[in-house]
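Can you keep this structure in mind? I'll have questions shortly.
Coordinate-derived values only; no laboratory data. None of these values were measured; they are calculated from a predicted model. When we count neighbours, we look across all protein chains shown, and the Cβ atoms used for this are built from the backbone with ideal geometry, even at glycine.
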Amino acid sequence: MIPMNHQTNTLLLSVSTFVYVGAMFLYLFGLVFKKKLLDIAGFVVFMAAFLIESAGLIARWIESYRLEYGHIPITNLYESLIFLSWTVALTYIIVELKYKMRKLGFPVSLTAFIFMAYASFSPNVNSRIEPLVPALKSNWLTFHVVTSFFGYAFFALAFGASIFYLIGDWYTKHTNGKVLSYLPSTKILDDMSYKLIIIGEVLLAIGIITGAAWADYAWGRYWSWDPKETWSLITFLVYVVYIHLRYSWGWHGRAAATFAILGFAFVLFTYLGVNLVLSGLHSYGKA
Amino acid sequence: MDKILDKVWRFFSSVKLAIVLILSIVGTAIIGTVIQQGLPVEEYMQHYGASTYKLLNFFDLFDMYHSWWFELLLILFIVNITVCSLERLPAIFKMVKNPKLKIPADKIDAFKEKRTIHYSGNKDELLSTLQNKLKEIYKEPVYTATEEGDFLYLEKGRIARFGPYVTHISLIIIFIGALIGSFFGFDAYVNLVPGDSTAHVRTTRGNKDITLPFTIQCNNFNVEFYNSGMPKAYKSDLSIFNGDHQIAHKVIDVNQPLTYKGITIYQASYGQAGASSFDVIVTDSQNKHDDVSLNINQLFHIKDDSYIAVLDYSSNYQGFGPTILVGVYKGKKLQSTSLYLQKYPDFHGAENIDGYKIRFISAKESYYTGLQVSKDPGFPYVATGAIILIIGLIMSFFSYRRRIWIFIPKKNEHTFTIAGVADRNKYSFELEFERIVNEIKRGVK
């Protein structure tokens, strides 16, 4: 057993960062050399990284109780970056088990690695476990953050699927109808990207609503046009447009994929941009 | 006149308008996150300069979410959604009530998903085999006989047709709730020092005075800190009075408000109202200690005609922590002053007053509690709307209507056709259709 001390969690999380790198290279070689075995190895290593990361998060949670702060590890920039990489990884594992889409493993492990590395190695990100200000001490915290972050994760995967769509589509167009053998068919990618987006949209809606309910409970105002609130609404509306273009005007394929890729810029800005660039209630970025 | 109304109606029932409005709301909402909202005029003047300030202020960009043009966008959007729903709902009710149980034989060719299957047995046998098989693997089909032949009709996911309208109606309910809140509710604040009571609060926007139908009394206020100095918890012990009658009492916390008669009092903030008393140790030349607690400006007799008093206090004097300013009096006349730091007792330790030493132990700081006082009769509507919104999204997204027809023509005894269509999720339907066709092929002789 690993001895439990105050560094166990950050150690486990750093280790998982490197294991994600390993998975990323296996997936990359799988793409280059088109060997199925490499993809499977990539997935196994990816699962290992995910489990180590989960252990790290749990160790951190336990540690916060030992420090008598006792809160779920999703409350500052460091924890949020790690939790986001964890949700992206878990969402990918679910998608992988459903669609058998190992090729998505490369961009996902790259994304997980980038978030983990930013959290672990950036001098601007503080990895200490900190106590909570009174406003954050609420059961709404868990529900609000978990739903919002899984929403982000589904949008991130839709973004990846859409990029693959454009690659597959471009290849077919420039080779007179040949298909990229190592990618799923563009039809599946198009359908997948749409399905990931609608799940992301429902989760984002629940995230916004739980945030509003919490704000009402803590401050008596369910909506105050705080930048984070406004940007999450903006992101929601951007995907509302995507859904209506798809349902009412039959947008799909290249147009829908391009829209999904651009839409993800709004997700990223809502998650990080607002905290790093703008000011407001969700100010962990000022650390 | 009717023509104009018709045109207006058609204008508002278009999806194109909805997309233009949503994109306009998105585009303008961004402005309000870049320009900080609701700051004092002087700050904007300093930041933007007078002429830019005038221009931005002309377009209400410093309070844009409450500006007439942003509210107009929201209203147009709600009208758009309402008209869209009214326009399309009756047709959908009709469609659901009277499903197309049969389709003209020549229309079947137009379906993307269709398959013609051969059979060798007789027609009645086929019909009952199909009915049993479909009931087992999919759904019980509806049977219709026509001149041309027999039809079996299957439909799933009917509820998905209503999803978008449930979602749209939920937005209308949320909007109505928000309107009720803004017309009949208020958002105000008041700061109270323990012992104080008031029935007057000031609105957050506009700073207008509101008289509550009761009096709030702050009995006590407590703030706890972590070692880092970050606040851990702050709580106000509040009583609600109607005249001399206490009608409610609660200790409120940041996430634990008090509601009385539809008005909710939230623990919003706190601030320093100064220090109320100071614990000081006075040591005389014979090393005799005297622990005393002094209020501000309270004279304390040392000896003969010498007195001391705490004149001022800072919770963090130039980064050195809690500090008091002590004045020395001779015959009630101020002679000198000196600073005493709680964290650095030796800083002034050498200095003594007629052989007396003073050590500052601690200050009992007094705080005021910042209370948010709100009334929002629209909230139940907004909350209901939010729940309906989620239900509507789930109905629209995770279910889709698909229909399958099986046509057994009278003319040709040995083939029948199966055709299907889905409103959405064409790809998932393709797979489902394939599965049904294969099952039928296996079951039919």
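Evaluate the distance, in nm, between pseudo-label points positioned 7 Å from the Cα of residue B:320 and of residue B:333 along their respective Cα→Cβ axes.
2.9
Amide H to amide H under 5 Å from residue B:249: which residues, 5+ apart in sequence or cross-chain, H placed 1.01 Å off N in plane?
So residue B:249 has HN proximity to B:240.
Once you treat every alpha carbon in region B:206-281 as an equal point and sum by Debye, what is log10 I(q)/I(0) at q = 0.14 Å⁻¹?
-0.59
With Rg and the Kirkwood Rh both taken from Cα atoms, where does Rg over Rh land for chain B? Could the numbers behind the result be given before it?
Details: Rg = 38.5 Å, Rh = 30.3 Å.
Rounded to two decimals, Rg/Rh equals 1.27.
Can you give the Rg to Rh ratio for region B:124-247, taking only C-alpha atoms and Rh from Kirkwood? Please list the in-between numbers first.
Values: Rg = 32.6 Å, Rh = 21.9 Å.
Expressed as Rg/Rh, it is 1.49.
Also, quick follow-up: Past 23 Å, Cα to Cα: identify those pairs from A:195/A:228; A:34/A:98; A:34/A:100; B:112/B:156; B:303/B:333; A:103/A:228, in the order given.
The pairs that break the limit, which is 23 Å between Cα atoms, are A:195/A:228; A:103/A:228.
Under a 5 Å amide H to amide H cut-off, with H placed in plane at 1.01 Å, what residues pair with residue B:378 once short-range neighbours are removed?
Distant-sequence amide H within range of residue B:378: B:181.
Please report the orientation-averaged projected area of region A:27-87, defined via the convex hull of its C-alpha atoms, in nm².
Computed as one quarter of the Cα hull surface, the answer is 4.6 nm².
Check residue B:146: other-chain or 5+ apart residues with amide H under 5 Å from its amide H, H built from backbone geometry?
B:151
For peptide A:211-224, compute the average count of partner chain beta-carbon atoms within 10 Å of each residue's beta-carbon.
Whole-number average of other-chain Cβ neighbours for A:211-224 is 6.
Could you tell me, in Å, what Rg and Dmax come out for the Cα atoms of chain A?
Computed over the Cα atoms of chain A, radius of gyration and Dmax are 19.7, 65 Å.
What percentages, rounded to whole numbers, describe P(r) for the protein assembly as shown computed over all alpha carbon pairs with 10 Å bin width beginning at zero?
In order of increasing distance, the bins hold 2, 11, 16, 19, 18, 14, 9, 5, 3, 2, 1, 0, 0 percent.
Another question, then. So what does log10 I(q)/I(0) come out to for region B:1-100 at q = 0.12, 0.14 Å⁻¹, using the Debye formula with one equal point on every Cα and no solvent?
So the normalised log intensities work out to -0.58, -0.69.
Here's another thing I want to ask about it. Taking 1 over the mean of 1/r across every pair of different Cα atoms in region B:313-381, what Kirkwood radius in Å do you get?
Details: mean 1/r = 0.0655 Å⁻¹.
Across region B:313-381, the inverse of the average 1/r is 15.3 Å.
Based only on Cα atoms, what Rg/Rh ratio does region B:324-445 have, Rh being taken as Kirkwood's radius?
1.77
Per residue of region A:230-247, what does 6.51 cos²θ - 1.76 cosθ + 1.60 with θ = phi - 60° give for ³J(HN,Hα)? Whole Hz please, x for Gly and Pro, Karplus curve as stated.
4, 5, 5, 5, 4, 4, 4, 5, 4, 6, 4, 4, 3, 5, 5, 4, 6, 6
How much of the pair distance distribution for region B:266-375 lies past 22 Å, counting alpha-carbon pairs only, in percent?
Values: 2107 of 5995 pairs.
Percent of Cα pairs beyond 22 Å in region B:266-375: 35.
Next up: Go through region A:79-92 residue by residue and turn each phi into a ³J(HN,Hα) via Karplus (6.51, -1.76, 1.60, θ = phi - 60°); whole Hz please, and just put x for glycine and proline.
5, 5, 4, 5, 5, 5, 5, 5, 5, 4, 4, 5, 4, 4
Round to the nearest 10 and give me the degree value, 0 to 90, for the angle of helix A:140-174's Cα axis relative to the longest principal axis of chain A.
With both axes taken from Cα atoms, the answer is about 20 degrees.
With a sphere of radius 13 Å drawn around the Cβ of residue B:202, what net charge do the other residues whose Cβ falls strictly inside it have (Lys, Arg +1; Asp, Glu -1)?
0
May I have the extent of the alpha carbons of region A:120-227 along their three principal axes, as whole Å values ordered from largest to smallest?
62, 34, 21
With a point put 7 Å past each Cα toward its Cβ, work out how far residue B:312 is from residue B:209 in nm, to one decimal.
If labels sit at residue B:312 and residue B:209, their model points lie 3.3 nm apart.
Evaluate the distance, in nm, between pseudo-label points positioned 7 Å from the Cα of residue B:8 and of residue B:438 along their respective Cα→Cβ axes.
Taking the simple label geometry, residue B:8 and residue B:438 are separated by 5.7 nm.
Determine ³J(HN,Hα), in whole Hz, for all residues of region B:259-275 in sequence, where each value follows from phi through the Karplus function 6.51 cos²θ - 1.76 cosθ + 1.60 and θ = phi - 60°; x replaces Gly and Pro.
10, 9, 6, x, 10, 10, 10, 10, 7, 9, 7, 7, x, 7, 9, x, 9
Could you state the principal axis extents of the C-alpha atoms in region B:124-174, from the largest down, to the nearest angstrom?
Between the extreme Cα coordinates on each principal axis of region B:124-174 lie 55, 27, 8 Å.
Here is a further query. Of all trypsin sites (Lys or Arg not before Pro) in region B:210-295, which ones are in loop regions per DSSP and have a Cβ with at most 13 other Cβ atoms within 10 Å? List each step's numbers first, then the result.
On the way: sites: B:232, B:235, B:250, B:261, B:288; in loops: B:261, B:288.
The qualifying sites are B:261, B:288.
Just want the ordering: A:226, B:109, from fewest to most Cβ atoms lying within 10 Å of their own Cβ.
Lowest count first: B:109, A:226.
Another question about this same structure. For chain B, modelled as a GNM with alpha-carbon contacts under 10 angstrom, which of B:126, B:39, B:389 fluctuates the most?
The residue with the greatest mean-square fluctuation here is B:39.
Let me know the volume per residue of the alpha-carbon convex hull for region B:134-207, in Å³. Could you put the intermediate results ahead of the total?
Working: hull volume 15.6 nm³, N = 74.
Looking at region B:134-207, the number lands at 210 Å³ per residue.
Among A:191, B:209, what is the fewest-to-most ranking by other Cβ atoms within 10 Å?
The most exposed by this proxy come first: B:209, A:191.
Right, something else. Sorted from fewest to most neighbouring beta carbons within 10 Å, what does the list A:223, A:170 look like?
Neighbour counts put them in this order, fewest first: A:170, A:223.
Would you mind getting the Kirkwood hydrodynamic radius of region A:60-159 from its Cα pairs, rounded to one decimal in Å?
14.6
Can you give the direction-averaged projected area of the convex hull of the alpha-carbon atoms in region A:1-133, in nm²?
8.4
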